[in-house]
Amino acid sequence: NQRLQGKNVLITGASSGIGEACARHFAQAGSNLMLAARRQERLSSLKQELEAKHPAIKISTFELDVRVKAKVDAAIEHFGPVDILINNAGLVIGLDKLEDITEDSVDTMIDTNVKGLVFMTQAVLPGMRQRNRGHIINVGSVAGQQAYKNGTIYCASKAAVASITRALMHETIDTAIRISEINPGLVETEFSVVRFRGDKNRADSVYQGVVPLNGDDIAEIIIFTASRPEHVNIAEMLVFPTNQADATTVYRKP
Ligand code: NDP
Ligand code: 8X3
């Protein structure tokens, strides 16, 4: 992909799911990769694998918890100039009534999905403004558009991502910087395993009877978004598996 060749692409949450798929697709497109997540060993083996496959690209990794602003700043220092930032790191803990959600779970979701995305954006935007180019692609969710039962904090965190995306579009309107939001529905990744705290059977049941999206499906859409001509910005995309109609309506084959 000519437009992505040689671009420096920073992906948060590159150790799994959508982020990992993005790493593979951007490598295929000839981009240089800046891979960040907490599980450094996963990033290292991904780097090794992709370096062998794509010797022309540069790949660097950084063990990063996006909740820690000082670490985010150190990551940007380590990586250098970023052309495309994929704000993908995120998670949900549990599926519980508001009054049953622990303070720790509230903090984890808000700190990761909202504050982490804010810290990352604050760290890359000044450089993008200076160069008057760059693209920030936020991974939101259908959950940010439609609140559902037992999803208060996660839905609120993704609604915040939508608000931040829109406000940023205004703040960068007089620049060549693009701000986009991709909102997936049901994607089979480690998302549900994390949600149900490692309960694989419960996680598997989320995808039963339906063909869900996978990381590659969303990575393809992110590649498409990132590779439009510079005057074109995909502001927002909502992406469902064929048998999903909204956040809680999924047709499952009996
Ligand atoms: P995965 O659980 O497979 O991947 C999540 C990634 O986020 C991991 O690489 C994880 O890395 C990283 N991450 C989590 N917390 C932190 C942190 N504090 N600092 C740095 N990285 C972190 O799930 P998905 O790929 O599905 O999730 C990616 C994004 O997509 C999330 O924002 C999620 O909300 C969103 N999404 C997912 C949907 C789905 O159905 N799967 C639907 C809609 C949106 P590590 O643990 O190594 O730090
Ligand atoms: C993940 C989609 O609706 O399962 O963002 O919470 S949902």
Point to revise | Hypothetical label at Lys53: residues of segment 1-40 whose amide nitrogen lies under 16 Å (7 Å Cα-Cβ projection) | key: 1, 14-35
Point to revise | Principal axis dimensions, largest first and in whole angstrom, of segment 1-60 by Cα | key: 31, 20, 15
Point to revise | Peptides 42-53, 97-108 ordered by average Cβ neighbours within 10 Å, highest first | key: 42-53, 97-108
Review point. For Val106, what is the net charge nearby, where nearby means another residue's Cβ is under 15 Å from its Cβ and Lys, Arg count +1, Asp, Glu -1?
Key: -2
Check your understanding: Order of 73-84, 234-245, 110-121 by packing, highest average Cβ count within 10 Å first?
Key -> 110-121, 73-84, 234-245
Check your understanding: Using the alpha-carbon atoms, what tilt in degrees (0 to 90, nearest 10) does helix 152-171 show relative to the longest principal axis of the chain?
Key -> 30 degrees
Point to revise | nm² value of the averaged projected area, convex hull over the Cα atoms of the chain | key: 13.4 nm²
Check your understanding: Treating the beta-carbon of each Lys and Arg as +1 and of each Asp and Glu as -1, no other charges, what is the dipole magnitude of segment 96-254 about its Cα centre, to the nearest 20 debye?
Key -> 300 debye
Point to revise | Relative contact order (%) - criterion: Cα under 8 Å, at least six apart; region: segment 1-155 | key: 23 percent
Study note, to complete from the structure: Across the alpha-carbon set of segment 1-146, Rg over Rh with Rh taken as the Kirkwood radius works out to 0.99
Check your understanding: Which value, in debye to the nearest 20, gives the size of the charge dipole of segment 119-181 about its Cα centre, when Lys and Arg are +1 and Asp and Glu are -1 at the Cβ?
Key -> 100 debye
Review point. Assuming R0 = 35 Å, what is the FRET efficiency of Ala235 and Asn201, from their Cβ-Cβ distance, to the nearest 0.05?
Key: 0.35
Revision key, fill the gap. Longest principal axis of the chain (C-alpha) makes with the long axis of helix 215-226 (C-alpha) an angle, in degrees to the nearest 10, of 40 degrees
**Study point:** Relative contact order (percent, whole number), segment 163-221, Cα cutoff 8 Å, 6+ residue spacing
**Key:** 30 percent
Study note, to complete from the structure: Per the 1/(1 + (r/R0)^6) rule, R0 = 41 Å and r from the Cβ atoms of Gln28 and Lys149, FRET efficiency to 0.05 is 0.55
Check your understanding: Against the longest alpha carbon principal axis of the chain, how many degrees, from 0 to 90 and to the nearest 10, is the axis of helix 69-79 turned?
Key -> 40 degrees
Review point. In what sequence, highest mean first, do 4-15, 220-231 appear when ranked by Cβ atoms within 10 angstrom?
Key: 4-15, 220-231
Study note, to complete from the structure: Along principal axes, largest first, the alpha-carbon spread of segment 106-254 in whole Å comes out as 53, 34, 22
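Taken together, the values in this text are just the output of simple stated rules run on the coordinates, not laboratory data. What you see is a predicted model, and the numbers here were worked out from it, not measured in a lab. Please note: Cβ atoms are built from the backbone with ideal geometry, for glycine as well, and neighbour counts cover all protein chains shown.
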